[in-house]
Amino acid sequence: MQTPAAFSVLAAISFCHLLNDTMQALLPAMYPMLKTGYGLDFVQIGLLTLTFQLTASLLQPLIGLYTDHHPKPYSLMTGMGFTLAGLLLLAGARSYTGLLVSAGLVGLGSAVFHPESSRVARMASGGRHGLAQSLFQVGGNTGSAIGPLAAAFVVLPRGQSSVAWFSGAAVLAIVILWKVGDWYRRHRPLGVAARPGAAPAGSPLPPAKVRAALAILIALIFSKYFYMASLTSYYTFYLIDRFGVSVQSAQLHLFVFLGAVAAGTIIGGPVGDRFGRKYVIWGSILGVLPFTLALPYMNLFWTGVLSVPIGVILASAFSAILVYAQELLPGKVGMISGLFFGLAFGIAGIGAAALGWLADATSIELVYRVCSYLPALGLLTAFLPDLESDRRIRRDDREVGADAVTVG
């Protein structure tokens with residue numbers, strides 16, 4: 001029987017996700033200013049993103065695996081402390097090396113925050129796992145959308161040192177996460193790890209099929225986040241270079257796209273709970289393809305218009321993919337959350353660096369033509385097992401077996 005969802009905890013963790021990702025979004029939103037101020041090329045811009053993303057991606061699965069066996073209710077506060085330190089260093093950095101270190105610290109904060117906060121969201125879901133992950137994710141995506149606005153109207157007019165003003169958001173998040181940690185400590189599960197080499201308890205598929213399904217999900221994450229890297233890291237440069245808009249106007253266009261991402265995030269989880277996660281993954285990855293193919297050939301107005309359905313449709317994928325993966329390996333929630341958040345960060349970082357090199361070698365417009373084909377990888381969704389059907393079949397088999405025992 002499902003228990004009621006703890007919506008106050010979900011609201012708290014989503015709000016802290018908003019604060020965390022607002023602070024993280026300040027760095028890429030500042031790229032045009034940093035590029036001019038430090039004389040950076042696109043490769044150096046991409047390396048900034050790579051440093052942040054790799055710090056987060058390499059550590060997240062390890063932290064998630066560790067906390068699967070050793071829950072740490074107050075580790076969320078620690079993660080936010082690293083983000084605070086990175087923010088303050090970014091405000092005072094006077095060299096490219098300082099920028100890289102600050103990006104690494106913010107990435108370390110993400111490595112601690114995301115797997116454990118995703119676990120808290122699942123614990124507080126009351127069985128509505130897709131809804132809980134969507135509520136958690138929409139906080140982060142809303143924060144990512146607010147970041148460019150904060151940069152456009154606070155940091156760009158007042159300079160790099162004004163980033164320190166946002167340290168208050170980190171302190172507020174630490175206070176809230178202390179209370180979330182209290183709830184986590186009281187409700188944490190006392191599970192036992194599976195035997196080495198054995199399938200996780202409750203795994204719906206044989207190990208070989210689980211591995212194949214995870215490989216497909218990883219390919220879909222690659223498609224989604226490599227394409228997202230082209231927009232989050234280079235959309236402002238694309239608009240400035242192709243249409244001659246101002247930096248502030250480009251930031252507003254980025255805000256519209258990221259706002260669409262935030263709106264789309266809330267759709268995927270509940271729809272997946274209701275109709276099945278495989279259908280959401282189908283629609284969100286492959287369904288965005290017509291819009292991405294058209295984007296590089298549009299004028300400024302239609303570029304802004306197309307960014308909205310691209311953001312909405314593509315954003316609905318992650319919650320469905322994450323919950324699907326958690327259902328594949330139900331005894332490894334922390335590891336799966338860390339792995340997929342880490343992959344998202346890592347692929348985005350590698351994508352940013354690779355696309356920066358491509359932009360320097362060719363043109364920023366070619367980047368968008370090349371990336372427009374990536375959602376075609378959504379065709380791989382056809383090979384994912386239908387977990388809902390498998391569960392119904394197993395449940396029917398158990399009921400038939402129970403009836404046979406009763407008759408016997």
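The values are calculated or read from the model by the stated rules, or taken from the named source; none is laboratory data. Computed from a predicted model, the values in this text were never measured in an experiment. Note that we place each Cβ from the backbone using ideal geometry, even for glycine, and neighbour counts take in every protein chain shown. Areas reflect the complete protein model, heavy atoms only, side chains present, ligands, DNA and RNA absent. Shrake-Rupley method; radii C 1.70, N 1.55, O 1.52, S 1.80 Å.
An oblate overall shape is assigned to the stretch 71-154, the ratio a/c of its alpha-carbon gyration tensor axes (a ≥ b ≥ c) being 1.5 or greater and a/b not exceeding b/c. Within the accessible surface of the chain, defined with a 1.4 Å probe on protein heavy atoms only, the carbon and sulfur portion equals 68 percent. Here the simple spin-label model places points 7 Å from the Cα toward Cβ, and for PHE153 and TYR96 these points are separated by 3.4 nm.
When the residues TYR279, TYR66 are ordered by accessible surface, computed with a 1.4 Å probe over the protein chains alone, the sequence from largest down reads TYR279, TYR66. For the modelled label position 7 Å from the Cα of ILE240 along Cα-to-Cβ, which residues of the stretch 31-47 have backbone nitrogen atoms closer than 13 Å? Only 31-42, 45 pass the distance filter. The string of couplings for the stretch 359-373 from the Karplus curve (6.51, -1.76, 1.60, θ = phi - 60°) is 5, 5, 6, 10, 7, 5, 5, 5, 3, 6, 5, 5, 5, 4, 8 Hz, one whole number per residue in order, with x for Gly and Pro. Around the amide H of GLY126, modelled in the peptide plane, lie the amide H atoms of ALA6, all under 5 Å away and 5 or more residues distant in sequence or on another chain. Listed cross-link partners LYS179/LYS224; LYS278/LYS332; LYS179/LYS278 are compared with a 27 Å cut-off, the Cα-Cα value being larger for LYS179/LYS224; LYS179/LYS278. Summed over the residues of the chain and divided among them, the accessible surface reaches 40 Å² per residue at a probe radius of 1.4 Å.
Of ILE13, ILE146, ILE174, the order by accessible heavy-atom surface (1.4 Å probe, DNA, RNA and ligands excluded), from most exposed downward, is ILE146, ILE174, ILE13.
Taking label points 7 Å from Cα along the Cα-to-Cβ direction, ARG274 and PHE15 give a separation of 2.8 nm. Extension gain for SER8-ALA382 works out to 130.9 nm (0.36 nm per residue, less the C-alpha to C-alpha distance).
Using only side-chain charges placed at the Cβ, +1 for Lys and Arg and -1 for Asp and Glu, the dipole size of the chain relative to its Cα centre rounds to 580 debye. Extension gain for PHE301 to LEU58 (0.36 nm times residue separation, less C-alpha to C-alpha distance): 83.6 nm. Residue ranking by accessible heavy-atom surface, 1.4 Å probe, largest first, among THR55, THR22, THR362 comes out as THR362, THR55, THR22. Computed from the Cβ-Cβ distance with R0 of 51 Å, the FRET efficiency linking ASP360 to TRP178 stands at 0.70. Every helix of 4 or more DSSP H residues in the chain counts as -39500 (n - 2.57), and over all residues that averages to -26000 deg cm²/dmol at 222 nm. Once C-alpha pairs closer than 8 Å and six or more residues apart are averaged by separation and normalised to the residue number of the chain, the relative contact order reads 28 percent.
Assign one of three labels to the stretch 254-315, namely rounded, prolate or oblate, based on the Cα gyration tensor with a ≥ b ≥ c the square roots of its eigenvalues; rounded applies when a/c is under 1.5, prolate when it is not and a/b is larger than b/c, and oblate otherwise. Oblate, because a/c is 1.5 or more while a/b does not exceed b/c.
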